[in-house]
Amino acid sequence: MDIIKRKIHNIFKWSYKDFFKAIIGTLLFSIAINLFIVPNHLYNGGILGISQLLRSLIVKLFDFNSSRDISGIINFILNIPLFFLAYKYISKTFFRRTLVCLLFQTIFLTIIPTPDKPLLDELITCVLIGGIIGGFGGGMILSASGSSGGTDIIGIVLSMKSRRLSVGKIGLGINIIIYTICGLLFGVPIALYSIIYSAIYNVIVDNTHEQNICGYVMIFTKTFPDKIIKFIKTDLDRDATYWEGTGGYNSSKTYICYAALSKYEVQRLERHLNELDKDAFMIKNEGISIDGNFKKYLT
């Protein structure tokens, strides 16, 4: 057991607990999709939603009927080129974690049989239960620092290229396209109920994956920290405090910039810090409690 734990940590930089937490999260997400969403002919957002649209097209054109949903396999295929982006532009650890989560998600989506008829008569009840279970599973994946790929990868890579883009904006844009197509092909009710499911899913994710884990950063720089503070104010919509210090090694002037951020805002700051000041370094601390006038944003 200790050997397995060490291998998981060495390869994925994951604790034993977080590894299985991510796997259980993919299982719950897959159960929600196959038992409550697919039987009602509703659609997920993101790359999986595109995969479901392609699956529906294949079923219609080739009269393909099976108790196994092939959208998980299509989703994995569509994510293959995105793996290369994750490996090249994000990190090898993120690539490995995403690959593991997506492999298990593909397996679960494929082996969990999809009922021919909805489990419950009321559509809104299926949407509610599917959104809650799926959101809880998706939140577990994210709280374990995992990812199911898709728009996560696209959003992170594009946000690294342009400060005007973010994971949320990219995901929203793709979902608008998906649900517009759903409305045109399958009718407005299908699109609307899919949007309701997506909204419930995202609310549960936001409250489950601890995206509002807060922390603080202290950035040490030899130059005036105006670029760093501007980035925090403009791109993160936060504020920062700075003061002048004296370096103990050679008594040189040093500026210390302090800011309270969510864990994802810290990650965005990390990605851009080298562009803002290649000689600066940052100390961060997560999991602190912040009270008072501190905004907690939904993703």
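Taking the stated definitions as given, is Tyr201 outside the structural domain of Leu261 (by TED's automatic domain parsing), over 19 Å from the mean Cα position of the chain (by Cα) and surrounded by 14 or more Cβ atoms within 10 Å (Cβ to Cβ)?
no
For the stretch 137-157, state whether one or more residues are farther than 30 Å from Lys230 by Cβ, at pLDDT 90 or above, crowded, with 18+ Cβ neighbours inside 10 Å and β-branched (Val, Ile, Thr). For the stretch 137-157, residues farther than 30 Å from Lys230 by Cβ, at pLDDT 90 or above, crowded, with 18+ Cβ neighbours inside 10 Å and β-branched (Val, Ile, Thr): absent.
Annotation: of all residues in the stretch 266-299 being modelled with pLDDT of 80 or more and among the acidic types (Asp, Glu), the one that is surrounded by the most Cβ atoms within 10 Å (Cβ to Cβ) is Asp277.
Residue-level check: of (1) of a type outside the set (S, T, N, Q); (2) surrounded by fewer than 20 Cβ atoms within 10 Å (Cβ to Cβ); (3) not in a loop (DSSP other than H, G, I, E, B), Asp116 misses just (3). Set side by side, the residues Val38, Val100 differ, and just one is within 24 Å of the chain's Cα centre (by Cα) and crowded, with 21+ Cβ neighbours inside 10 Å, which is Val38.
Matching residues to (1) closer than 23 Å to Lys21 by Cα; (2) assigned to a helix (DSSP H, G or I); (3) at pLDDT 90 or above:
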| position | (1), (2), (3) |
| --- | --- |
| Arg163 | no, no, no |
| Gly168 | no, yes, no |
| Leu172 | no, yes, no |
| Thr180 | no, yes, yes |
| Ile190 | no, yes, yes |
| Tyr193 | no, yes, yes |
| Asn202 | yes, yes, no |
| Asp206 | yes, yes, no |
| Glu210 | yes, no, no |
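Return a yes/no flag: does the stretch 243-262 have any residue that is crowded, with 19+ Cβ neighbours inside 10 Å and under 30 Å from Ile37 (Cβ atoms). Yes, that holds for at least one residue. Scanning the stretch 42-70 for residues that are within 13 Å of Ser148 (Cβ to Cβ) and of a type outside the set (A, V, I, L, M) yields a total of 5. Can you tell which of Asn44, Asn79 is crowded, with 20+ Cβ neighbours inside 10 Å, assigned by TED's automatic domain parsing to the domain that holds Gly171 and not in a helix (DSSP H, G or I)? Just a single option satisfies the conditions, and that option is Asn44. Each residue in the stretch 240-269 was checked for being touching a strand residue (DSSP E or B) at 6+ places or on another chain (Cβ under 7 Å) and not in a strand (DSSP E or B), and 5 pass.
Looking at the stretch 123-132, which of the residues that are in contact (Cβ under 8 Å) with a residue 12 or more places away in the chain and either of a type in the set (S, T, N, Q) or under 15 Å from Leu48 (Cβ atoms) (or both) is surrounded by the fewest Cβ atoms within 10 Å (Cβ to Cβ)?
Gly131
The values are calculated or read from the model by the stated rules, or taken from the named source; none is laboratory data. Just so you know, these numbers come straight off a predicted model, no measurement behind them. With ideal geometry, Cβ positions are generated from the backbone for all residues, glycine too; neighbour counts draw on all protein chains shown.
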